[in-house]
Amino acid sequence: MEKSYLQLEKAAVGYAGKALISGIEIGVKKGEIVTLAGPNGSGKSTILKSITRQLALVGGDVLLDGRPLAAYSPQELAKKMAVVLTAGMRPELMTCRDVAAMGRYPYTGRLGILSGEDERKVDAALQMVNAGHLAERPYGEVSDGERQRILLARAICQEPEIIVLDEPTSFLDIRHKLDLLSILQRMAREQGITVVMSLHEIDLAMKISDRVICVKGASIYACGTPEEVLRDETIRDLYNLESASYDALTGSVEMAAPAGQPQILVLSSCGRGIPVYRRLQRQGKPFAAGVVYTNDLDYPAAVRLSAHVITAEPFAPVSDAVYSEAMEWVEKCGRVIDAGLVTEGGNRRLADLLQRAEELGKLESTAGKVWTV
Amino acid sequence: MRAVEDRDGKRRLGRRLRYAAVFAVLAAALVLVVILNINSGSVRIPPGRILKIILTGQGEVKEVNIIRRIRMPRIMMSAVLGGALALSGFLLQTFFGNPIAGPFVLGISSGAKMSVAIVLILVVGRFGAVSSLGLVLAAFAGAMLSTAFILAVSRAVRQMAGLLVAGIMIGYICSAVTEFLVTFAEDADIVNLHGWSQGSFSGADWPSVGTAALIVGAASVCVFLLSKPIGAYLMGEAYAQSMGVNIRLFRMELIVLSGILSACVTAFAGPVSFVGIAVPFLIKQALGTSKPVVVIPAAFLGGAVFCAVSDLIARMAFSPTELNISTVTSVLGAPVVIYMLIRRRR
């Protein structure tokens, strides 16, 4: 088995000698991306601060590259580990380049004056985070996303072997989140830099991480590859999701289904039902959904948002049983919404459902118009 | 890409030129204010004779004494202590991460003043004299006492506003103690004490200028050598720590050096207000950067110019009556601080 680059052994972390989380066992290999996930206040930052030596360990040990963290001098550690933190000052009258250049600190002389080589490395780091154009802009005046990239460039300038980031994607819009994570992924793949970070976006954590560590309460709740850890139940439990739900496979979050007896039937295929489901959810109207193949895009959302799903097994025409179940719902419901049900090929008889609804004067269609209830 | 690089290159060159210009202007201003200072006073001496006195030491005895024993040491003192004040303020601003911090507003000058007053009254009253070094030590002890109090408060009160109020309060307490001592001291002891406790560069002589220059010079070199960690500290403690700064040691160095500098000023000239806040701010704006490696020497020069100009105004504005130095520095410095506050709110 490959040796761990960062190893936490029975580590206990906390403030002022009081353990908040104890018995932490984590081994991170070189070039791996490991994410700490968990609700706010679960102690993700406390673990990270203990890894960066901002907080003294309460118990146990942290080994970096085979040596106890405590054995490193500040300078030695600075050449191995760089950080990107949420809170930071915004010094006045400093350009973005000045801030990035601070990362050269462990390598410059007594007065911190940059050599030509240092200058080139700063430029390269800025290019790497796509911030070359920001170099001479005042650091205090750039946007949150740009500032976060500059802080990452600062960390890259430090030429670390491991980079520790505390919620690097907070305050960023989705595009900047993805930009930042792609840069991290590139650093890990191409330069073998180990990345340890906390994220509260569980969907992103699942997509970028080699391993995910869930932190909750006084211990590590779960630890493993995203596939192992991020199951629906784990997440429901980790975040105490009672009403809303999370689909681990697609990373999609849905609100809680409206309670009550369904009075509306939504008929759809190919993901066309989702906007209708969500609208009905927003309006608090319970509904039944059908006829949905279990491999249809509509299926995961239908399961989470509707009171009842009329389900069909994939790769075959709908069975008689399903057909008659659907017909029952058409009879039973006060309104039938056709959000784009496919009635071609092997499923021509599904057109009967629409026709019956039409006869009963219940049919509404979303085709070719902005659908309103 | 090419165009961006060219533009950045030009900007960097422009920045260097700007630094050079600021230093040149400050140096020229210092020379000018020294000349003006030597040239002005209640006794009018023509420039030709002044030049002769400075260069050759020849001339009328009374005029030689005025120039060489009174005006020259006083100018030197105001310049050296002005530089010390600016750096002391700069260090405290770094420490607290706030541009409104300074030795005067945080009550550190007042602590030093109180402790010097105690030493003057008790020791001088009993033994007749105390060396200037002894006074500096006393002032340093007082400055550290106030600083310790401020640090204790800063642990409980996180916001700067609370800290400033605590500083102002400790300033009042120390001033009250000083006034109390002055009121009940023997008249002979307080001949100099009263003027000094209000702040003034008058009465500077060469030995004390020498002592001040030595202490301030050594401390300033130490401050300059700290410019690298000070720069890292601009991003906050956590970042500085992650880049390899030994935070405990560094914070200690900041406090001790700042204490030595403001103690030295207080021992020789009494409390002088607002220089420590206004000068570093103005210098950073003029340079257009916060990089300590440029800001520190420029702030020292700026403080020297600021205090030399203030002293000139103090001497000449209502001549032959002299103003307290703080009267002038407050009038010049306080509006700058108010401007800073307004700007920060925006």
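Note down the Stokes-Einstein diffusion coefficient of the stretch B:146-251 in µm²/s, whole number, using a Kirkwood radius over alpha carbon pairs, 10 °C, and 1.306 mPa s. Present the calculation step by step, with values, prior to reporting the outcome.
Numbers: Rh = 17.7 Å.
In µm²/s, the coefficient rounds to 89.
Per-residue Cβ counts within 10 Å, from other chains only, averaged over A:92-100: what number is that?
Numbers: counts 9, 9, 6, 7, 0, 3, 5, 3, 0.
Average per residue, whole number: 5.
Of all trypsin sites (Lys or Arg not before Pro) in the stretch A:1-77, which ones are in loop regions per DSSP and have a Cβ with at most 11 other Cβ atoms within 10 Å?
Working: sites: A:Lys3, A:Lys10, A:Lys18, A:Lys29, A:Lys30, A:Lys44, A:Lys49, A:Arg53; in loops: A:Lys3, A:Lys29, A:Lys30, A:Arg53.
Taking the stretch A:1-77 and a limit of 11 other Cβ atoms within 10 Å, the loop trypsin sites (Lys or Arg not before Pro) found are A:Lys3.
Determine, from the Cβ-Cβ distance of B:Thr321 and B:Val130 and an R0 of 25 Å, the FRET efficiency 1/(1 + (r/R0)^6), rounded to the nearest 0.05.
0.30
Give me the number: length gained by fully extending A:Arg90 to A:Ala244, i.e. 0.36 nm times residue separation minus the C-alpha to C-alpha distance, one decimal in nm.
Details: separation 154, 0.36 × 154 = 55.44 nm, distance 3.76 nm.
Result: 51.7 nm gained on full extension.
Name all residues of the stretch B:58-78 having a backbone nitrogen under 19 Å from the label point set 7 Å from the Cα of B:Arg44 along its Cα→Cβ direction, giving them as ranges.
B:60, B:62-64, B:66-67
Under the rule of at least 5 residues apart or a separate chain, name every residue whose amide H is placed under 5 Å from the amide H of B:Phe201.
B:Ile325
Considering only C-alpha atoms, what is the centroid distance from the stretch A:316-347 to the stretch B:54-82, in Å?
106 Å
I'd like the projected area of the stretch B:3-101, averaged over all directions, using the convex hull of its alpha carbons. Report it in nm² with one decimal. Don't skip to the answer; put the middle values down first.
On the way: hull surface 41.0 nm².
One quarter of the hull surface, i.e. the mean projection, equals 10.2 nm².
Bin width 5 Å, origin at 0, all Cα-Cα pairs of the stretch B:192-283: what percent of pairs per bin?
P(r) for the stretch B:192-283, in whole percents per bin: 2, 12, 18, 20, 18, 13, 8, 6, 3, 1, 0.
Just checking the output field for B:223-234: average partner chain Cβ neighbours within 10 Å of each residue's Cβ?
Values: counts 0, 1, 2, 2, 4, 8, 2, 1, 8, 5, 2, 11.
Across the residues of B:223-234, the mean count of other-chain Cβ atoms within 10 Å is 4.
Chymotrypsin sites (Phe, Trp or Tyr not before Pro), restricted to the stretch A:268-328: which are DSSP loop and have at most 10 other Cβ atoms within 10 Å?
Working: sites: A:Tyr277, A:Phe287, A:Tyr293, A:Phe315, A:Tyr323; in loops: A:Phe315.
Here the chymotrypsin sites (Phe, Trp or Tyr not before Pro) that fit, given the DSSP loop and packing criteria, are A:Phe315.
Mind checking the log10 I(q)/I(0) for the stretch B:71-121 at q = 0.29 Å⁻¹? Debye, one equal scatterer per Cα, no solvent, two decimals.
-0.97
For the pair B:Arg344/A:Ala218, report the inter-label distance in nm, with labels modelled 7 Å from Cα in the Cβ direction.
With each label placed 7 Å out from Cα toward Cβ, I get 4.3 nm.
Only residues of the stretch A:177-197 count here: report those whose backbone N is under 20 Å from the spot 7 Å along Cα→Cβ of A:Lys30, or say none.
Only A:184-197 pass the distance filter.
Could you compute how fast the stretch A:159-283 diffuses translationally, taking Rh as the Kirkwood radius over C-alpha pairs and applying Stokes-Einstein at 20 °C with viscosity 1.002 mPa s? Give it in µm² per second.
Values: Rh = 17.0 Å.
Taking Rh from Cα pairs, D becomes 126 µm²/s.
Return the Cα extents of the stretch B:77-345 along principal axes one, two and three, sorted largest first, each rounded to a whole Å.
Its Cα atoms span 56, 37, 35 Å along the three principal axes.
Please list the equivalent ellipsoid semi-axes of the protein assembly as shown, computed as the square roots of five times the alpha-carbon gyration tensor eigenvalues, in descending order and whole angstrom.
Values: eigenvalues 1018, 135, 127 Å².
That gives 71, 26, 25 Å for the three semi-axes.
Between B:Leu55 and B:Ala176, how many nm apart are label points set 7 Å from Cα along the C-beta direction?
The answer from the label model is 5.8 nm.
Select from chain B the helices, each a whole stretch of DSSP H, whose alpha-carbon atoms run 18 Å or more along the helix axis and whose Kyte-Doolittle mean is at least 0.0; answer none if there are none.
Values: long enough: B:2-39 (55 Å, 0.46); B:72-96 (36 Å, 1.36); B:132-156 (36 Å, 1.74); B:160-184 (36 Å, 1.86); B:206-225 (28 Å, 1.79); B:247-269 (33 Å, 1.62); B:292-316 (35 Å, 1.75); B:325-345 (30 Å, 1.04).
Sorted by number, the helices that extend far enough and score high enough are B:2-39, B:72-96, B:132-156, B:160-184, B:206-225, B:247-269, B:292-316, B:325-345.
Counting other C-beta atoms within 10 Å, and keeping those with at most 10, which DSSP coil trypsin sites (Lys or Arg not before Pro) do you find in the stretch B:4-83? Write out the running numbers ahead of the final one.
On the way: sites: B:Arg7, B:Lys10, B:Arg11, B:Arg12, B:Arg15, B:Arg16, B:Arg18, B:Arg44, B:Arg49, B:Lys52, B:Lys62, B:Arg68, B:Arg69, B:Arg71, B:Arg74; in loops: B:Arg44.
The qualifying sites are B:Arg44.
Can you run phi through the Karplus equation (6.51, -1.76, 1.60; θ = phi - 60°) for the stretch A:299-305 and list ³J(HN,Hα) in whole Hz, with x for Gly and Pro?
Running phi through 6.51 cos²θ - 1.76 cosθ + 1.60 with θ = phi - 60° gives 4, x, 5, 4, 4, 7, 9 Hz.
By a straight-distance test (C-alpha under 12 Å), which aspartates and glutamates pair with A:Lys121 as possible cross-link partners, with residues fewer than eight away in the same chain excluded?
Within the straight-line cut-off, A:Lys121 pairs with A:Glu159.
Cross-chain or 8 or more residues apart, Cα under 29 Å: how many lysine pairs in chain B fit that? Count them up, please. Write out the running numbers ahead of the final one.
Details: B:Lys10/B:Lys228; B:Lys10/B:Lys284; B:Lys10/B:Lys291; B:Lys52/B:Lys62; B:Lys228/B:Lys284; B:Lys228/B:Lys291.
Lysine pairs meeting both conditions in chain B amount to 6.
Evaluate the distance, in nm, between pseudo-label points positioned 7 Å from the Cα of B:Arg11 and of B:Leu225 along their respective Cα→Cβ axes.
3.5 nm
Using a cut-off of under 18 Å, list every residue of the stretch B:76-112 whose amide N is near the label point 7 Å from the Cα of B:Met252 along the Cα-to-beta-carbon line.
So the set is B:95.
Can you figure out the FRET efficiency of B:Ile118 with A:Ser143, using R₀ = 60 Å and their beta-carbon distance, to the nearest 0.05?
Details: r = 55 Å, r/R0 = 0.92.
Approximately 0.65, to the nearest 0.05.
For chain A, what is the Kirkwood estimate of the hydrodynamic radius, computed as the reciprocal of the mean inverse distance between distinct Cα atoms, to one decimal in Å? Walk me through the intermediate numbers first.
Numbers: mean 1/r = 0.0419 Å⁻¹.
Its Kirkwood hydrodynamic radius stands at 23.9 Å.
Under the definition of partner shielding as Cβ atoms of other protein chains within 10 Å of a residue Cβ, what is the mean value for peptide B:291-301?
On the way: counts 7, 2, 3, 0, 1, 0, 0, 0, 0, 0, 0.
If you average over the peptide's residues, the count of other-chain Cβ atoms is 1.
Over what distance in Å are the Cα centres of the stretch B:107-181 and the stretch A:1-72 separated?
45 Å
So for each of A:100-109, B:176-185 I average, over its residues, the number of other beta carbons within 10 Å; can you give me the resulting order with the highest mean first? Present the calculation step by step, with values, prior to reporting the outcome.
On the way: A:100-109: 21.7, B:176-185: 14.5.
Ranking, from highest mean packing down: A:100-109, B:176-185.
Give the lysines reachable from A:Lys29 as a straight Cα distance under 20 Å; neighbours fewer than 8 places away on the same chain don't count.
A:Lys3, A:Lys10, A:Lys44, A:Lys49, A:Lys79, A:Lys80, A:Lys207
In percent, what relative contact order does chain B have, based on Cα pairs under 8 Å that are 6 or more apart in sequence? List each step's numbers first, then the result.
Working: 482 pairs, mean separation 101.4, N = 346.
In percent, rounded to a whole number, it is 29.
Which of the peptides B:289-295, B:210-216 is most tightly packed, and how do the rest follow, judged by the mean count of other Cβ atoms within 10 Å per residue?
On the way: B:289-295: 21.4, B:210-216: 19.1.
Going by the mean number of other Cβ atoms within 10 Å, highest first, we get B:289-295, B:210-216.
Provide Rg and Dmax in Å for the stretch A:275-364, with only Cα atoms included in the calculation.
Values for the stretch A:275-364 (Cα only, Rg and Dmax): 12.5, 35 Å.
What angle, in degrees between 0 and 90 and rounded to the nearest 10, separates the Cα long axis of helix A:320-332 from the longest principal axis of the Cα atoms of chain A?
Compared with the principal axis, the helix lies near 80 degrees.
Placing one identical point scatterer on every Cα of the stretch A:220-308 and ignoring solvent, what is log10 I(q)/I(0) from the Debye formula at q = 0.11 Å⁻¹?
-0.34
Every number in this text was worked out from the coordinates using simple rules, so none of it is lab data. Remember, predicted model here, so these are calculated numbers, not experimental data. Glycine gets a Cβ as well: all are built from the backbone with ideal geometry, and neighbour counts include every protein chain shown.
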